[in-house]
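A.B. asks: Pasting in a structure now, in structure tokens, and then I'll have a few things to ask.
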Amino acid sequence: MDSSYIAIIISIITIILFISNKLPMSVIAIFGSLAMAFFIPEMELSSVYSGFSSPGWPMVVGMLIVSDALFETGVAQKIGQRIGNSFMAKTERRFIITVAIICTVMSAFMSNNGSVAIWMPIIAAVAAGSMGRIRSKMVIFVAGTAAVIGGGSTLIGSTSQLSANAILQGYEGFEAGMAMFDMTKIMLPAAIVQILYWATIGYPILKWALKPESPDFDKGNVYATASQDALQEKADGVPKWKGRVALYTMILCIVLFLIAGFDPFKNYLNIGIIGLVGAMIVLGSKAVSAKKAFANLPWDILITIGVISGLGAGLDASGGGELIANSVLSLFGGETASIVVLTVVIITLTSLLTNIMQNNAAAAMLTPIVISIAFSLGISPLPWVIVIAACSNLAIATHYGTAVNMQILPAGYKFMDFVKIGGPLLILLIITLSISTLWVFF
């Protein structure tokens, strides 16, 4: 059997296992990646564990340790009380809308991973100081989704658009590539729809999917907190200097995340380095015990993050993803189809594929295909490349389509949480982008 078909079968089996939730997430991820390595000869074996060497893995570990230091020293509770008493956090829904707006805007101009890394401990701190009014697990999911969508709104918000743009620049006449805000033209309505989603039906869907009244609601959530009184009592005996170290470290990390994408800092910093700097400071100063910090890390999630990339790599290397793409495009007429139909198909196809492949791989695979179709139709490929650049960032309905979703997993989410919450939003965004793209470009 051809490798492309084998990769598709392995992907389907892995997804079914994730849906069943009968095995630990890390075991399923290891199975999927190893199966790809054993049965897909075109795939490099190192792809199985390449996630451990990506910048996202040390960033998640480092920021979890910094967050742990904030709670162990009592600083998080104090921050949470102040923000929790403000207008934007009077109710959980209002705080969710506020976080969605801020993370969407921030991620359009800085790393979406960095935006989430900044906000997860802040959300946890607000939840700790809210006396149960705000629950971290309800808000962190929204922060992650908003960061993903914001990251797809400009040329610099994420990395998959850079892959698509680099391919476009290789064609004569398109050396300039996309402009900074080309994607914003079609993604701004999508970003607004996302915020309205959380303000309306999204919040009830969150409650339905996550079941906050269930006794198992915070199972596996490292950002779950005890009562404010219990947390404060725990931190009362901690020297004040430890709290200051934890706070200043968090502020330093925020500043580094903000400047890491600009010269000359980007030559020395990335999200992984920043996470390690934060962990080094709080552990080296003994603001938090190294033994306790390491024991508190969610290893099931961290192993999943380290190995899950092998699943997308196998689908890409085998040609399975390209097979799916070409089959779908041919089904709707391929080079003989109308531009309107092809545009909607490309939007839908990209949005779905990026949820089962790495978003960079999806963008790199689809871009040359649509450029070829555009040239055969005698039209500019730029609008379709912009579509792929934007839609390859819509990995919001599974936990492994983008690094941001992997990053928020320590809050205790399962595969079906992404399907139930992100799935309806993905459908709305596909419809919105179809309308905005046809309106703007055709």
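A.B. asks: Find the helices (runs of 4 or more DSSP H) located wholly in segment 239-316 whose residues include 2 or more that are within 12 Å of Val66 (Cα to Cα) and in contact with a helix residue (DSSP H, G or I) (Cβ under 9 Å, 6 or more places away or on another chain), and list them.
C.D. replies: The helices (runs of 4 or more DSSP H) meeting that bar are 240-259, 271-284, 290-295.
A.B. asks: Has segment 169-177 got any residue that is charged (D, E, K, R) and at pLDDT 90 or above?
C.D. replies: The answer is no; no qualifying residue exists.
A.B. asks: State which residue pairs qualify: first residue on the phi < 0 side of the Ramachandran plot and without any contact (Cβ under 8 Å) to a residue 24 or more places away in the chain and inside segment 332-360, second residue outside any helix (DSSP H, G or I) and of a type in the set (Phe, Trp, Tyr) in any location, beta carbons under 9 Å apart, and separation of 6 or more residues or different chains.
C.D. replies: Pairs found: Val341/Phe332; Val345/Phe332.
A.B. asks: Hey, Asn326 hits all of (1) part of a helix (DSSP H, G or I); (2) within 26 Å of the chain's Cα centre (by Cα) but one; which does it fall short on?
C.D. replies: Failed condition: (2).
A.B. asks: In segment 427-442, which residues are at pLDDT 95 or above and not in a helix (DSSP H, G or I)?
C.D. replies: Within segment 427-442, no residue meets the criteria.
A.B. asks: While we're looking at this one, here's another question. In segment 371-396, which residues are over 16 Å from Gly173 (Cα atoms) and surrounded by fewer than 24 Cβ atoms within 10 Å (Cβ to Cβ)?
C.D. replies: Ile373, Leu377
A.B. asks: Residues in segment 18-32: is at least one of a type in the set (Val, Ile, Thr), at pLDDT below 85, surrounded by fewer than 23 Cβ atoms within 10 Å (Cβ to Cβ) and part of a helix (DSSP H, G or I)?
C.D. replies: yes
A.B. asks: Can you tell me which residues in segment 151-183 are part of a loop (DSSP other than H, G, I, E, B) and more than 22 Å from the chain's Cα centre (by Cα)?
C.D. replies: The answer is Gln169, Gly170, Tyr171, Glu172, Gly173, Phe174, Glu175, Ala176, Gly177, Met178, Ala179.
A.B. asks: Test of understanding: among Gly51, Gly56, Gly62, Gly74, which residue is at pLDDT 85 or above, within 29 Å of Ile271 (Cβ to Cβ) and of a type in the set (Gly, Ala, Ser)?
C.D. replies: Gly62
A.B. asks: Still on this structure: So which residues in segment 39-56 are surrounded by 14 or more Cβ atoms within 10 Å (Cβ to Cβ) and either under 30 Å from Ala260 (Cβ atoms) or aromatic (Phe, Trp, Tyr) (or both), if there are any at all?
C.D. replies: Residues satisfying the conditions are Phe39, Ser47, Val48, Tyr49, Ser50, Gly51, Phe52, Ser54, Pro55, Gly56.
A.B. asks: Scan segment 7-48 for residues that are under 20 Å from Ser327 (Cβ atoms), hydrophobic (A, V, I, L, M, F, W, C) and touching a Ser or Thr at 6+ places or on another chain (Cβ under 7 Å) and jot them down.
C.D. replies: Within segment 7-48, Ala7, Ile40 qualify.
A.B. asks: Follow-up. Can you name the number of the only condition in (1) among the aliphatic types (A, V, I, L, M); (2) farther than 17 Å from Ile386 by Cα; (3) buried (at least 19 other Cβ atoms within 10 Å of the Cβ) that Leu196 fails?
C.D. replies: (3)
A.B. asks: Do we find that Leu315 is modelled with pLDDT of 90 or more and either farther than 30 Å from Val48 by Cα or out of contact with any Phe, Trp or Tyr (no Cβ under 6 Å at 6 or more places or on another chain) (or both) in this structure?
C.D. replies: The answer is no for Leu315.
A.B. asks: For segment 136-167, which residues satisfy the criterion of being closer than 27 Å to Arg94 by Cα and surrounded by fewer than 24 Cβ atoms within 10 Å (Cβ to Cβ)?
C.D. replies: Met138, Thr154
A.B. asks: Among (1) modelled with pLDDT under 90; (2) over 22 Å from the mean Cα position of the chain (by Cα); (3) within 25 Å of Phe415 (Cβ to Cβ), which single condition is Ala35 missing?
C.D. replies: (1)
A.B. asks: Mind checking which residues of segment 357-389 are over 21 Å from Leu323 (Cβ atoms) and outside any helix (DSSP H, G or I)?
C.D. replies: Gly378, Ile379, Ser380, Pro381 - these are the residues of segment 357-389 that are over 21 Å from Leu323 (Cβ atoms) and outside any helix (DSSP H, G or I).
A.B. asks: Okay, moving on. Across segment 413-427, what is the total count of residues that are among the basic types (Lys, Arg) and surrounded by 23 or more Cβ atoms within 10 Å (Cβ to Cβ)?
C.D. replies: Total satisfying the criteria: 0.
A.B. asks: Answer with yes or no whether Ala69 is farther than 28 Å from Tyr400 by Cβ and either surrounded by 24 or more Cβ atoms within 10 Å (Cβ to Cβ) or basic (Lys, Arg) (or both).
C.D. replies: yes
A.B. asks: Any idea which of (1) closer than 25 Å to Leu17 by Cα; (2) surrounded by fewer than 14 Cβ atoms within 10 Å (Cβ to Cβ) is the one Ile305 doesn't satisfy?
C.D. replies: (2)
A.B. asks: Right, next: Since Leu70 meets every condition but one in (1) out of contact with any Pro (no Cβ under 7 Å at 6 or more places or on another chain); (2) over 30 Å from Gly314 (Cα atoms), which condition does it not meet?
C.D. replies: Of the numbered conditions (1) out of contact with any Pro (no Cβ under 7 Å at 6 or more places or on another chain); (2) over 30 Å from Gly314 (Cα atoms), the odd one out for Leu70 is (1).
A.B. asks: Just checking, how many residues over segment 390-415 are more than 20 Å from Leu323 (Cα to Cα), part of a helix (DSSP H, G or I), out of contact with any His (no Cβ under 8 Å at 6 or more places or on another chain) and modelled with pLDDT of 85 or more?
C.D. replies: Total meeting the criteria: 5.
The values are calculated or read from the model by the stated rules, or taken from the named source; none is laboratory data. Computed from a predicted structure; not experimentally measured. Here the Cβ is made from the backbone with ideal geometry for all residues, glycine too, and neighbour counts use every protein chain on show.
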